Amino acid sequence: MTNSWQEATVVSVNDQTPDFRSIILKPKKFYDFKSGNFVELALRPAQGKLPRTYKCYSVVSTPQEIGGIEVGVKLYKDGALSPKLFKFKKNNKLLMRGPLGAYFVWELSKRDTVLIAGGSGICPMISILRQYNPGLAKMYLLFSTKQGSVYYEDELNRLCSEKNINYVLIQTGKNGRVNKKIIHGRFGNLIGTDTDFFVAGPTGFVQDVSLWLRELGVEEGSLKTDDFET
């Protein structure tokens with residue numbers, strides 16, 4: 001990992017929905033990373049200046065993918081950076097720092113894993129799902145998002161089918177919101193077993209879900225969270 005800024009070139013962009021796109025970036029120098037890491041992105045400032053505005057984006061790609069580093073970008077109309085990133089095209093350049101963030105790292109093991117994602121919190125989960133080996137342990141995914149905003153929808157359906165992942169999709173506005181009763185009903189039997197819980201998404205979502213998990217008996221050592229401001 002590195003704290004130094006370096007130039008990165010846009011290899012490709014894929015607009016998945018009107019408010020979400022994936023971007024593959026090729027930095028001048030690649031650094032080792034793990035599923036759950038993030039990078040910081042910034043526009044290139046005037047020569048000799050440091051970036052004044054930057055944002056964190058979870059890495060979607062896996063350490064085995066050598067074509068570039070993929071990130072998912074959700075558009076916030078009043079955002080400091082996302083509106084500009086939605087104008088980026090192939091071969092445009094920006095600044096990247098990282099990968100960073102050891103607190104949300106997932107690695108292959110014989111422990112079962114529960115992934116609970118809200119909105120664009122699905123991004124680090126995609127990296128985990130791509131790496132997951134169904135021969136080692138079981139994987140569970142609960143994805144809560146707005147109707148019409150199922151990011152990585154085709155890949156999620158394919159990965160969960162191919163790897164026999166227990167996948168539940170909850171679309172707010174259609175299925176209601178995630179609550180403690182749903183969490184208990186889906187994962188209550190896993191609490192107290194050799195299972196790790198990963199929760200990612202907007203701050204309010206992560207705070208609620210992690211509180212419910214703790215109240216249901218999930219120990220701190222088995223719970224990892226990654227929240228972000230919208």
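The values are calculated or read from the model by the stated rules, or taken from the named source; none is laboratory data. Source: prediction; values computed, not measured. Backbone-built Cβ (ideal geometry, glycine too); neighbour counts: all protein chains shown.
Taking the listed residues Ile122, Ile170, Ile126, the one that is touching a Ser or Thr at 6+ places or on another chain (Cβ under 9 Å), over 30 Å from Asn3 (Cβ atoms), of a type in the set (Val, Ile, Thr) and modelled with pLDDT of 90 or more is Ile170, with no other qualifying.
Does Ser12 qualify as being at pLDDT 90 or above and in a strand (DSSP E or B)? Criteria met by Ser12.
Being at negative phi, in contact with a Pro (Cβ under 8 Å, 6 or more places away or on another chain) and without any contact (Cβ under 8 Å) to a residue 60 or more places away in the chain is the requirement here; does Ala42 meet it? Yes, satisfied.
Residues that are among the β-branched types (Val, Ile, Thr) and within 15 Å of Glu70 (Cβ to Cβ) within the range 1-44 comprise Thr9, Val10, Val11, Val13, Ile23, Ile24, Val39, listed in sequence order.
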